[in-house]
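Beneath this line is the structure, given in structure tokens, with notes to follow.
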Amino acid sequence: MVHRDSRTPLYGIAVAAQLVDLPEATLRLFESKGLLTPARSEGGTRRYSDDDIERLRRAASLREDGVNIAGIARMLDLQDANDHLQVRNEQLRAALDAQRGKGLHVAD
């Protein structure tokens, strides 16, 4: 089975709104406030990826918790940065373990 890239834009706004259980107007608001930037087709139609859908779900959850749009934007950015750092940390640990496995001395 071929693995689909989660960044591939697949869904129109109507489908995306259904997937996250939000009105289309909310998706447009989130976009206008910079919470996400969906891809656009040649004709200008918004196309949302699986990553966009996940970001919309996180934004909706924060909004339900009473966080304002500016707070949502900041929290999403911090979550994304933290996720990136965790992945990088795992990569560095794996590289360190590989070096240790080759019998190389690596200072802790």
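The values are calculated or read from the model by the stated rules, or taken from the named source; none is laboratory data. This structure is a prediction, so every number in the text was calculated from the model and none was measured. FYI the Cβ positions are ideal-geometry reconstructions off the backbone, even for glycines, and counts take in every protein chain you see. SASA here: full protein model, heavy atoms, side chains in, ligands and nucleic acids out. Shrake-Rupley method; radii C 1.70, N 1.55, O 1.52, S 1.80 Å.
Over the chain, with the other protein chains present, what is the accessible area per residue in square angstrom, probe 1.4 angstrom? On a per-residue basis, 70 Å². Using only side-chain charges placed at the Cβ, +1 for Lys and Arg and -1 for Asp and Glu, the dipole size of the chain relative to its Cα centre rounds to 200 debye. Around the amide H of Tyr48, modelled in the peptide plane, lie the amide H atoms of Leu10, Tyr11, Gly12, all under 5 Å away and 5 or more residues distant in sequence or on another chain. Projecting the Cα atoms of Gln91, Tyr48, Met1 onto the charge dipole of the range 1-100 (Cβ charges, centred on the Cα centre) puts Gln91 farthest toward the positive pole. Here Kirkwood radius over Cα pairs in Å was calculated from the structure, and among (1) 16.2; (2) 15.2; (3) 18.3 it sits at label (1). Rounded to whole numbers, the Karplus 3J(HN,Hα) couplings from phi for the range 25-32 are 4, 5, 4, 5, 4, 4, 5, 5 Hz, using 6.51 cos²θ - 1.76 cosθ + 1.60 with θ = phi - 60°, and x at Gly and Pro.
Springs join every pair of Cα atoms under 10 Å in this Gaussian network model of the chain, and among Asp97, Asp77, Asp51 the largest mean-square fluctuation is at Asp97. Backbone geometry of the range 79-95 corresponds, through the Karplus equation with coefficients 6.51, -1.76 and 1.60 at θ = phi - 60°, to 3J(HN,Hα) couplings of 4, 5, 5, 5, 4, 4, 5, 5, 4, 4, 4, 5, 5, 5, 5, 5, 5 Hz, x marking Gly and Pro.
Largest GNM mean-square fluctuation among Arg74, Arg93, Arg58, using the chain with Cα springs under 10 Å: Arg93. Taking Cβ atoms as reference points and 13 Å as the exclusive limit, the residues near Arg46 contribute a net charge of -1, counting Lys and Arg as +1 and Asp and Glu as -1. Legend: Rg and Dmax of the range 47-108, from Cα coordinates, 18.1, 53 Å. In the chain, the calculated helix contribution to ellipticity at 222 nm averages -20000 deg cm²/dmol per residue, counting -39,500 (n - 2.57) for every DSSP H run with n ≥ 4. Seen from Ser32, the other residues with C-beta closer than 14 Å to its C-beta sum to a net charge of +1, counting Lys and Arg as +1 and Asp and Glu as -1.
Based on the convex hull around the alpha carbon atoms, the range 2-44 presents an average projected area of 3.7 nm². In the neighborhood of Ala73, defined by Cβ-to-Cβ distances under 14 Å, what is the net charge if each Lys or Arg adds +1 and each Asp or Glu adds -1? After counting each charged neighbour, the total is +2.
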